[in-house]
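Colleague: What follows is a single structure, and I will ask about it in a moment.
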Amino acid sequence: MKIKRVLRLVMVLPLVLAELTTGALASERVNARAAVMIDASTGQVLYEQNANQKLPVASISKLLTVAVVHDELKQRIITANTRVNVSADVAAIASDPAYSAIGVQEGQSYTVRELLNAAMVKSADGATLALAEADGSNLEEFNLKMDQKAKEIGLKNYTIVNPVGLTNGDLKGLKLEQYANNAENAMTANDVALLARYLVQTYPDLLQVTAQKDADFYIAKDKTVKADNLNKMLPGEQYAVPGVKIDGLKTGTSAAAGPSFVSTGVYRGHRVITVVLHANGDGGDARFAATRQLYNQLKGMKTEQITLPRWLHRQWVANGTQRSVAIRPQQVSVWGDKDIKNYSLAVRLNRHGQNGKVLAPVPTKRLASWKLLVMG
């Protein structure tokens, strides 16, 4: 029986491959409601399970908050040393032991760097809310920024209620009247993977934060808290995977989301991203066991560099000062479950523009889309 896998490649300028997807290669079902595994460099989908159903994601939402804050840092709206004062409403959440708390205190100020560490290592809800207020935004204003960022990244099916992933009712004095008390953030596994990939590519320094096994947090005068990273898949930890160096990314847990986890790690020189939403099993560690299932399936796969035909190396431009522009990359690394040379390859080009040409001015992000058909 012939098996067709479709790899959609989006060529971009300069020299960046934006997207590569294929029918899932791995086959063993993961013990979770939804899961996906992708190559972080190309976006090739290596495993997919119920990946387009929108589900609650709890604290995984904080990755989108970090993406917004990173933009504010790049634009110098804030700096890593900007100090943020903690309000009474934020402190009420930060000091509640029922939440993921680091204990930031009302009236104290903390740097953006400290709050970011607390959000990513400890998943501290109060610290994340304070981080969202770093540029002076209120919660509703920051939600709009999150929504705009989600659209920019290309997320397709999501709900944003707040920057932390709590239910609206759990926000106490910060809850928004336009949402029901039980409303909470939701995304598809595919969108979570896309968000994680965006951060890995545009904010690689974040992995230096998420790779920490523990961190010390200054709370107030003469009071420092040491917090362990919630990620139990870091090197040397209980659920570490032999041959894979995991250095991120974010856990999430709520009654509706169940134990969830988005991770990233390097296997044989290739960075991989995994998403597990609502893992099945007792206790929060079920998400790590399910993620390990995904990584273990890599061992049955191979990768090979494929050089695209020369006729695909340039794209004609209509109504421009230049007749053509170069397309990059010209080589892609493709995963397969057998030697890639045993596949029959064909490439189709989907041109967007006029008479088979791209219209000037050529967009800096998306130039043309390709379909690489891999026949087994």
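The values are calculated or read from the model by the stated rules, or taken from the named source; none is laboratory data. Remember, it's a predicted structure, so these values are computed and weren't measured experimentally. So basically every Cβ, Gly included, is an ideal-geometry build from the backbone, and we count neighbours across all protein chains shown. For the accessible areas, the whole protein counts, side chains as well, though only heavy atoms, and no ligand, DNA or RNA atoms are used. Shrake-Rupley method; radii C 1.70, N 1.55, O 1.52, S 1.80 Å.
Colleague: How do the strands (runs of 3 or more DSSP E) wholly within the range 239-336 filter down when requiring 1 or more residues that are free of Cβ contacts under 8 Å to residues at least 40 places away in the same chain: which remain?
Modeller: Fully inside the range 239-336 and qualifying: 244-254, 258-267, 302-307, 314-318, 324-326, 331-336.
Colleague: May I ask you to list the residues in the range 300-321 that are more than 30 Å from Gly336 (Cβ to Cβ) and at pLDDT below 75?
Modeller: If the condition is that a residue be more than 30 Å from Gly336 (Cβ to Cβ) and at pLDDT below 75, then Asn319, Gly320, Thr321 are the ones that fit.
Colleague: So, in the range 94-129, exactly how many residues are among the acidic types (Asp, Glu) and under 21 Å from the mean Cα position of the chain (by Cα)?
Modeller: 1
Colleague: Sticking with this one: Every residue in the range 154-172 that is within 16 Å of Asp96 (Cα to Cα) and in a loop (DSSP other than H, G, I, E, B), please.
Modeller: Result: Val164, Gly165, Leu166, Thr167.
Colleague: Given the criteria within 17 Å of Leu73 (Cβ to Cβ) and assigned to a helix (DSSP H, G or I), does Lys151 qualify?
Modeller: no
Colleague: I'd like the full set of residues that are open to solvent by 50 Å² or more (accessible area, probe 1.4 Å) and under 22 Å from Asp205 (Cβ atoms), limited to the range 238-265.
Modeller: Within the range 238-265, just Lys245 meets the criteria.
Colleague: If Asp135 satisfies all but one of (1) of a type outside the set (Val, Ile, Thr); (2) more than 21 Å from Thr111 (Cα to Cα); (3) not in a helix (DSSP H, G or I), what's the number of the condition it fails?
Modeller: For Asp135, the failing item is (2).
Colleague: Being open to solvent by 40 Å² or more (accessible area, probe 1.4 Å), modelled with pLDDT of 95 or more and not aromatic (Phe, Trp, Tyr) narrows it down to one of Ile77, Ile60, so name that one.
Modeller: Testing whether each residue is open to solvent by 40 Å² or more (accessible area, probe 1.4 Å), modelled with pLDDT of 95 or more and not aromatic (Phe, Trp, Tyr) leaves just Ile77.
Colleague: Which of (1) open to solvent by 60 Å² or more (accessible area, probe 1.4 Å); (2) modelled with pLDDT under 75 does Ile327 not meet, given it meets every other one?
Modeller: Status for Ile327: all satisfied but (1).
Colleague: State all residues of the range 156-196 that are within 22 Å of Leu206 (Cα to Cα) and acidic (Asp, Glu); if no residue qualifies, say none.
Modeller: Within the range 156-196, just Asp191 meets the criteria.
Colleague: Where the second residue is modelled with pLDDT under 95 and of a type in the set (S, T, N, Q) and the first is on the phi > 0 side of the Ramachandran plot and part of a strand (DSSP E or B) and lies in the range 43-57, which pairs have Cβ atoms under 6 Å and are six or more apart or on separate chains?
Modeller: Pairs found: none.
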